[in-house]
Amino acid sequence: MAITFDKALGIHEHALEARVKRAEVLANNMANADTPGFKARDLDFQAMMQKAQDNMSGFGMEKTHAGHMDTSAGVGDSDLMYRVPSQPSVDGNTVDTQAEQTRFMRNAMDYQASFQFLNGKFTGLTKALKGE
């Protein structure tokens with residue numbers, strides 16, 4: 001029985017990709033904290049993981065006609081959502097810098113945890129191949 005990376009790594013590869021995309025969006029929010037009228041955005045990580053899980057299981061939606069919508073697991077504009085501000089500024093900017101920094105750091109810690117988990121998986125696979 002052959003071992004594929006998809007089977008060995010599971011959903012964790014998709015989790016890392018989603019964390020990277022979310023870090024980009026959060027960094028963009030922080031970079032535009034002083035831009036008048038800028039609306040803070042975020043990704044729904046749980047929805048992205050559910051979409052990746054559905055695609056991996058083989059029971060996800062399938063495009064059978066050219067007129068059907070694309071349901072791929074990639075991150076597009078449809079995955080980006082606007083954040084509801086707790087207190088928008090007078091100039092229309094909805095970025096709360098401290099909240100964005102908190103979200104960014106939490107996302108970075110989650111990324112590191114996923115990365116360490118994958119590192120452990122690769123270490124185990126390496127030991128299995130070496131016969132240790």
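Quick notes on this structure:
- Counting only residues that are open to solvent by less than 70 Å² (accessible area, probe 1.4 Å) and touching a residue at least 12 places away in the same chain (Cβ under 8 Å), the stretch 97-132 holds 10 of them.
- The stretch 44-61 - residue that is surrounded by 10 or more Cβ atoms within 10 Å (Cβ to Cβ) and either touching a Leu at 6+ places or on another chain (Cβ under 9 Å) or assigned to a loop (DSSP other than H, G, I, E, B) (or both) and, of those, modelled with the lowest pLDDT: 60
- Candidates in the stretch 1-32 are the residues that are surrounded by 14 or more Cβ atoms within 10 Å (Cβ to Cβ) and of a type in the set (Asp, Glu); of these, the one that is modelled with the lowest pLDDT is 13.
- Candidate set: the stretch 76-94, residues that are under 20 Å from the mean Cα position of the chain (by Cα) and in a loop (DSSP other than H, G, I, E, B); chosen: the one surrounded by the most Cβ atoms within 10 Å (Cβ to Cβ): 83
- The single condition from (1) at pLDDT 90 or above; (2) within 17 Å of residue 108 (Cα to Cα); (3) surrounded by fewer than 17 Cβ atoms within 10 Å (Cβ to Cβ) that residue 35 fails is (2).
The values are calculated or read from the model by the stated rules, or taken from the named source; none is laboratory data. The structure presented is a predicted model; accordingly, all values stated were derived computationally and were not measured. Note that each Cβ is placed from the backbone with ideal geometry, even for glycine, and that neighbours are counted across all protein chains shown. Side chains included, ligands, DNA and RNA excluded: accessible areas come from the protein's heavy atoms. Shrake-Rupley method; radii C 1.70, N 1.55, O 1.52, S 1.80 Å.
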